[in-house]
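Everything on this sheet refers to the single structure shown next.
The values are calculated or read from the model by the stated rules, or taken from the named source; none is laboratory data. Just so it is clear, the model here is predicted, and its values are computed rather than measured. Note: ideal-geometry Cβ built from the backbone for every residue, glycine included; neighbour counts use all protein chains shown.
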Amino acid sequence: MGEIRLEELSASNIAAANTLSLKPGQEQFITPVSYSAETTVTDPAAAWQRVARLDDKVVGFIHGNFDPDNEHDEFRACIWRINVDADAQGQGVGRFLARALAEEARTRGFDRITVMWEPGTEGPEAFFHRIGFVDVDQTQYGDIIGALAL
């Protein structure tokens, strides 16, 4: 396996990010990357979007958000979305992306990052727990809020 590299989301790689494949059952937990990219229109300074490349192929995407003044603590430094191609899952890509976002949060002065997920057997809960997130709350819609201390 080659080295995983981080790269800003751009016009040259968004098509590849949008076509990341999923394992069966994961589709209910995902929204296309383009929807995440659209949120940068409202506050581009808060969005942090990157792709992971492995052997020059886009194999993952992360959309983070940094908004220190947000009235909701769980939205101040968070992972909005993280997608890893089905063929690359289990190879450290998701962990790499989450660590990159955590490091960016640390450099911006945050002491934790958060993420929300919908509970479900094919969902991302086990992944987030494996990389150190702990459940801290639940939204009014039943989504779990996890936090990772930095």
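Looking only at residues in segment 1-39 that are surrounded by fewer than 16 Cβ atoms within 10 Å (Cβ to Cβ) and among the hydrophobic types (A, V, I, L, M, F, W, C), the one that is modelled with the lowest pLDDT is Ile30. One residue stands out among those in segment 98-120 that are acidic (Asp, Glu) and in contact with a helix residue (DSSP H, G or I) (Cβ under 9 Å, 6 or more places away or on another chain): the one that is farthest from Leu148 (Cα to Cα), which is Glu118. The residues listed here are Gly146, Gly142; of these, the one that is surrounded by fewer than 18 Cβ atoms within 10 Å (Cβ to Cβ) and not charged (D, E, K, R) is Gly142. Count of segment 111-150 residues, restricted to those that are in a loop (DSSP other than H, G, I, E, B) and within 18 Å of Arg81 (Cβ to Cβ), is 11.
The C-beta contact set for segment 138-150 (first residue at pLDDT 95 or above, second residue surrounded by 15 or more Cβ atoms within 10 Å (Cβ to Cβ) and basic (Lys, Arg), distance under 9 angstrom, 6+ apart or interchain) comprises Ala147/Arg112; Leu148/Arg112; Ala149/Arg112; Leu150/Arg112. Of all the criteria given as (1) of a type outside the set (A, V, I, L, M); (2) over 21 Å from Gln26 (Cα atoms); (3) touching a residue at least 12 places away in the same chain (Cβ under 8 Å); (4) not in a helix (DSSP H, G or I), the one not satisfied by Glu71 is (3). In segment 84-106, the residues that are in contact (Cβ under 8 Å) with a residue 24 or more places away in the chain reach residues that are surrounded by fewer than 18 Cβ atoms within 10 Å (Cβ to Cβ) and among the charged types (D, E, K, R) with C-beta atoms within less than 9 angstrom, at least six apart or across chains, in these pairs: Asp85/Lys57; Ala86/Lys23; Ala88/Lys57; Gln89/Lys23; Arg95/Arg130; Ala105/Asp111.
The set of residues from segment 74-91 being part of a loop (DSSP other than H, G, I, E, B) and surrounded by fewer than 16 Cβ atoms within 10 Å (Cβ to Cβ) comprises just one member, Gly90. Answer yes if at least one residue in segment 100-123 is surrounded by fewer than 18 Cβ atoms within 10 Å (Cβ to Cβ), among the polar types (S, T, N, Q), within 23 Å of Thr19 (Cα to Cα) and modelled with pLDDT of 95 or more, and no otherwise. No, every residue in segment 100-123 fails to be surrounded by fewer than 18 Cβ atoms within 10 Å (Cβ to Cβ), among the polar types (S, T, N, Q), within 23 Å of Thr19 (Cα to Cα) and modelled with pLDDT of 95 or more.
Taking the residues in segment 81-115 that are among the aliphatic types (A, V, I, L, M) and farther than 27 Å from Asp56 by Cα as candidates, determine which candidate is farthest from the chain's Cα centre (by Cα). So the residue we want is Ile113.
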